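Colleague: What follows is a structure written as structure tokens; I'll ask about it next.
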Amino acid sequence: MRLFSGLYVQTMHWARHRYASYWLALVSFTESSCFLIPPDVMLAPMTLAKPERAWFYASLTTITSVLGGLLGYAIGLFAFHMAQPWLMSLGYMPAYEQAAMWFEQWGFWAVFIAGFTPIPYKIFTIAAGAANMLLLPFVVGSLIGRGMRFFLVAGLMRLGGPRLEASLHQWIDRIGWLTVLILVTGYLIFK
């Protein structure tokens with residue numbers, strides 16, 4: 001079944017759209033405080049589609065993600081009581097409690113690590129505000145962590161360029177079905 005190759009072609013078409021940068025900025029901003037899809041899923045194909053704009057896309061993603069992180073910080077600082085039920089309904093409460101503990105111990109480093117890794121950054125932005133973390137270390141940690149992550153993704157996609165795009169198109173169905181198999185197996189094991 002060639003389900004994923006059709007999605008891949010459509011994704012690359014959208015990545016070349018003239019409004020793609022605006023959507024990337026919107027996803028990057030909202031992911032840092034409330035949205036569930038990471039901006040990498042747009043950044044990677046957009047950079048593959050237009051490798052010459054890799055650094056622009058990485059900069060845009062970083063800046064809008066940190067601005068969204070400031071919104072998450074404000075939510076934690078001023079409206080945590082309203083965000084708490086949402087965190088609980090999504091099963092993020094244990095992650096939030098862990099993040100709050102990390103802020104007490106490591107502060108800047110907790111934000112930096114959350115910004116760079118696949119750990120949900122939004123949890124840390126809200127927790128930083130709720131813990132009343134100093135704003136400057138929060139912004140600096142976010143800029144460095146998010147910047148490193150997004151510039152790494154853009155750099156790898158730029159380096160791969162058209163050859164990587166063609167290779168992915170050739171292998172995308174196998175990769176997609178393998179991913180589904182791994183997710184289903186993981187779900188069944190940890191259920």
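The values are calculated or read from the model by the stated rules, or taken from the named source; none is laboratory data. None of the values given here were measured: they were computed from a predicted structure. Please note: Cβ atoms are built from the backbone with ideal geometry, for glycine as well, and neighbour counts cover all protein chains shown. Each accessible area value is taken on the protein alone, full model and side chains, heavy atoms only, with ligands, DNA and RNA left out. Shrake-Rupley method; radii C 1.70, N 1.55, O 1.52, S 1.80 Å.
Colleague: Please pick out the residue among 103, 108, 35 that is open to solvent by 30 Å² or more (accessible area, probe 1.4 Å), at pLDDT below 85, over 25 Å from residue 159 (Cα atoms) and in contact with a helix residue (DSSP H, G or I) (Cβ under 6 Å, 6 or more places away or on another chain).
Modeller: Details: 103 fails: open to solvent by 30 Å² or more (accessible area, probe 1.4 Å); 35 fails: in contact with a helix residue (DSSP H, G or I) (Cβ under 6 Å, 6 or more places away or on another chain).
Answer to the check: 108.
Colleague: Sticking with this structure for a sec: So which of 62, 117 ends up being within 30 Å of residue 15 (Cα to Cα), of a type outside the set (Gly, Ala, Ser), at pLDDT below 90 and open to solvent by less than 40 Å² (accessible area, probe 1.4 Å)?
Modeller: The unique qualifying residue is 117.
Colleague: Looking only at segment 78-95, how many residues end up being open to solvent by less than 70 Å² (accessible area, probe 1.4 Å), in contact with a helix residue (DSSP H, G or I) (Cβ under 8 Å, 6 or more places away or on another chain) and either in contact (Cβ under 8 Å) with a residue 40 or more places away in the chain or within 18 Å of residue 38 (Cβ to Cβ) (or both)?
Modeller: So the count comes out to 5.
Colleague: Follow-up. Scan segment 12-32 residue by residue and report those that are modelled with pLDDT under 85 and open to solvent by less than 30 Å² (accessible area, probe 1.4 Å).
Modeller: Answer for segment 12-32, where residues must be modelled with pLDDT under 85 and open to solvent by less than 30 Å² (accessible area, probe 1.4 Å): 12, 15.
Colleague: Separate question: Would you mind finding the one in 158, 174 that is more than 17 Å from the chain's Cα centre (by Cα), farther than 28 Å from residue 89 by Cβ and surrounded by 14 or more Cβ atoms within 10 Å (Cβ to Cβ)?
Modeller: 158
Colleague: Any residue at all in segment 44-55 that is open to solvent by less than 40 Å² (accessible area, probe 1.4 Å), in contact (Cβ under 8 Å) with a residue 24 or more places away in the chain, of a type in the set (D, E, K, R) and out of contact with any strand residue (DSSP E or B) (no Cβ under 6 Å at 6 or more places or on another chain)?
Modeller: From segment 44-55, those open to solvent by less than 40 Å² (accessible area, probe 1.4 Å) are 44-49, 51, 54; that's our starting set.
Then drop every residue that is not in contact (Cβ under 8 Å) with a residue 24 or more places away in the chain, which leaves 44-49, 51, 54.
Then drop every residue that is not of a type in the set (D, E, K, R), which leaves none.
No: zero hits.
Colleague: Something else about it: Report, ordered by the first and then the second residue, all pairs with beta carbons closer than 6 Å, sequence separation of six or more or different chains, a first member in segment 104-122 that is more than 21 Å from residue 75 (Cα to Cα), and a second member that is open to solvent by 40 Å² or more (accessible area, probe 1.4 Å).
Modeller: Close Cβ pairs (under 6 Å, with a partner that is open to solvent by 40 Å² or more (accessible area, probe 1.4 Å)) amount to 116/148.
Colleague: Of these, 48, 60, 87, which one is in a helix (DSSP H, G or I) and more than 30 Å from residue 164 (Cα to Cα)?
Modeller: That would be 87, the only listed residue that is in a helix (DSSP H, G or I) and more than 30 Å from residue 164 (Cα to Cα).
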